[in-house]
Structures are given as structure tokens and as C-alpha cells.
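Below is one structure; the comments refer to it alone.
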Amino acid sequence: MELRARVLLWKLLLLQSSSVLLSSGPAGPATPGSSVVSESAVSWAAGARAVLRCQSPRMVWTQDRLHDRQRVVHWDLSGGPAGGPARRLVDMYSAGEQRVYEPRDSGRLLLTPSAFQDGNFSLLIRAVEDTDEGLYTCNLHHHYCHLYESLAVRLEVTDDPRAAGAHWDGEKEVLAVERGAPALLTCVNRAHVWTDRHLEEAQQVVHWDRQPPGVPHDRADRLLDLYASGERRAYGPPFLRERVAVGADAFARGDFSLRIDPLEPADEGTYSCHLHHHYCGLHERRVFHLKVTEPAARPPPRDSPGNGSSHSGAPGPGAGDPTLTRGRSVINVIVPEGRAHFFQQLGYVLATLLLFILLLITVILATRQRRRGGYEYSDKKSKSKGKDVNMVEFAVAAGDQALYRREDIRLGYKNNLLKERVELSHSPLPAKSIDLDKEFRKEYCK
């Protein structure tokens, strides 16, 4: 009979407290939009390694190794009749384990075992005493999501049954209860972060977006998608996809910084890091305006690379010993040539030798061909000499044998005899016919 009355009283108290909700904290599914928590302009030189910092400890994902003790509710009492600091009354983990700190409160302070299923964390005091008067706080902790929420209720003990009741003083609920009567301190929060389980991994995602110069945010290109389960998806242009990366242990450390190595001028633009934790109600966005500058020119070395001497010409303290290191000295290292370089040089030598041999063979063949042509000419000439010569075919003109140039030399002659001699010498000889056959016959007759 007593058990049935207790159950009926508990149900009545739950129905009365169902209308009182905890105003703080998320009260439904998180909004899909994300709020900009930081916006910065960064610049790096081309060819350098750019790192866009995006970190959040609330995104750290660890498997539950404490038997689902990541969510806990505890009630504290402060400002009692005796005064003093606040003291812990009772707490309960999401696994259903309850702990009462004072022995006298054991069995007198109760929390419903299904608090983390229905979101009702109300505290039931079975019989109110004078020492129970004070300020009660209902504290909800979510260690995984790094959430902390609190609700205050003031309890007053009275002897007048007509003064019993509840009212709102503008900041908290004030509950007046008759001494010896049960009291229900309401604390209700039905947000999914306090009631759901095994959804952390599926609702945790990080992605990076990129906006080229002049492109609005709603038309940004997706670069990376990271999930707490370990899945990763890469997007973006090919020239950038192979050079961007996020650490493999990003969810273990809460560090989702984007690395671009090496940085190129075409990488300039606006980058956005989106952190979404649907389970914990986290939606943040960090914006980076990346500018790529020209690489800085390296100053010339102070020491010459050859002998390690300084500009002043004076040798340093370790000029004689090349193993000693100085401030900005340069050490020449001779790397031995590989086997491939040896075969390359050998190929050059063999190719040159083969070309020389081909040229020599060409000269020899040309010389032999020229000599063979000379021998044939000599044979033809000797054959032509052995033929009979008919001297009749040759006609010799006496006028062709002697050619004289006639010049009109005007001289003063002393007498006619000299004049005749001169004219005779200048006059052509008469043509003479010679019969060669007749001359040959004379020779044979002799």
C-alpha cells in the first residue's frame, strides 16, 4: 500500500514538473548555419609552406572509455540556515549510477533513473526538514561537448500550509514547502545533447572551402571533408588538391589546420574552416584571406665559396682547417659521379671514334676510285698510240708556221739597198707544198 502511494505521488510530481523547462542551452536541433568566430588576413611568400590555423577543443573526439560517464548531473546546496560553503548533495551519471554524499540523505533524496532518457533531472526530497532550506542548484555537465548548464531553485520551509506554493522572483523559482511534506525541485532539459547517445561520431564533420578572388561565399569551392569516423573526401582543382593536407590525428587533438606546401601564386583567395558538431550544437566558421607575395631575394654570402676568405681579405681563425665551421661560410662538397655518368661519357667517346672510322673509310674508297679511273685513261692512251697514222690526212700550211707581226716602221733609209732588205724581211714567204708520202718513199729507198 505504501509502495503504491509512493508511485502515485512520484507520477503526480512528474506531471506537475513537466511544464517547467530549463531555459538555457539548446532546445532542439542545431541550426545549419555557422557563425563567424574569427576573420584574419594572412600572407606568405610563394614557395613557402602556409598553415591556416583552425583549432577547437570542443571538436576533440575520444571514444567513451568511462562507461558513458561523459554526462553527469549533480545537485548542490548553499546558503542554508547554518551558512557555510556550498556542499554536494547527490550526483548521477548518464549510465544510471547515483551517489548520495551525506549518509542521512540516503533514501531521502531521489533522482529518477531515466533522467538521461526523458530529460527530467528533478530532485525529490521525501520529507522536508529545517536544515533543507537554502539555494539549490541543478548542474549539468557534458565533458565530451564541454558544456555546462545550471539552474537555481530556492527552497523555504514553513509551518503554515496556506503559505506553501511556488512563485518566480525574477531570477529563479522560489518553492515554499510545509515541514515534513515532500518537495520536488524541478530541473528539466530535454535537449538531444542530454538525452541521445552514440551519435557523436556520426554528427561531427569539418570541411574547408576556398573562394578565388572575386567569387562570393555562396559559390565557394569545397576542398576537404573530414569526419570523426576517419572518412576523408578531397575536392578542389587538381593543381591544389595534391598540395593541401590536414593532420591525420585532427579529431584527436582538435587541430584542423590546413597546410599548403608549396604555396603558389594561384592559391591566393579566401579560405574558410567550418566546424560542425551537430550533437553538441557547435557550428563555427573561421575565415582566412590568403595573399601570396613574391619570394624574398637571398642576400649574397659574406664569404667566398671557394676558399672561405672574407671580404676584407684577412683569413679567419679557422681558415687553415676546412672542418671548422664559421658564421656564414660555404663548404664545397664534391659528390662522386655515378655509374650512369661514366656510361654516358663512354658513349660520347665511342660515337666520336665511330664517326672518325666512317670518315676514314670514305676517304680510302674515294682515293681508290680515283686511281682506278687514271689507269683506264692510260690504257686508252696506249691503245691509241699503236694505230697506223696516215700522214696524208695532215696538211701543213707554210703560212701557219711563221707568223709575223707587221708593223709599219718608218725609218729613214740611206739607200735603196737597205730599203729592199727591210721590205724583203717583212714580206711573207711564198707557200710551199710538201708531199710527205714522197719524202717517206725517199727515205725507204735509201
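Worth pointing out:
- The share of accessible area on the stretch 221-301 that comes from carbon and sulfur is 51 percent, using a 1.4 angstrom probe.
- With DNA, RNA and ligands ignored, accessible area of V244 (1.4 Å probe; Å², nearest 10): 20
- Within the stretch 215-269, GluC sites (Glu not before Pro) in DSSP loop having at most 11 other beta-carbon neighbours inside 10 Å: E231, E242
The values are calculated or read from the model by the stated rules, or taken from the named source; none is laboratory data. Everything numeric in this text was worked out from a predicted model, so none of it was measured. With ideal geometry, Cβ positions are generated from the backbone for all residues, glycine too; neighbour counts draw on all protein chains shown. Ligands, DNA and RNA are excluded from the accessible area calculation, which covers all protein heavy atoms including side chains. Shrake-Rupley method; radii C 1.70, N 1.55, O 1.52, S 1.80 Å.
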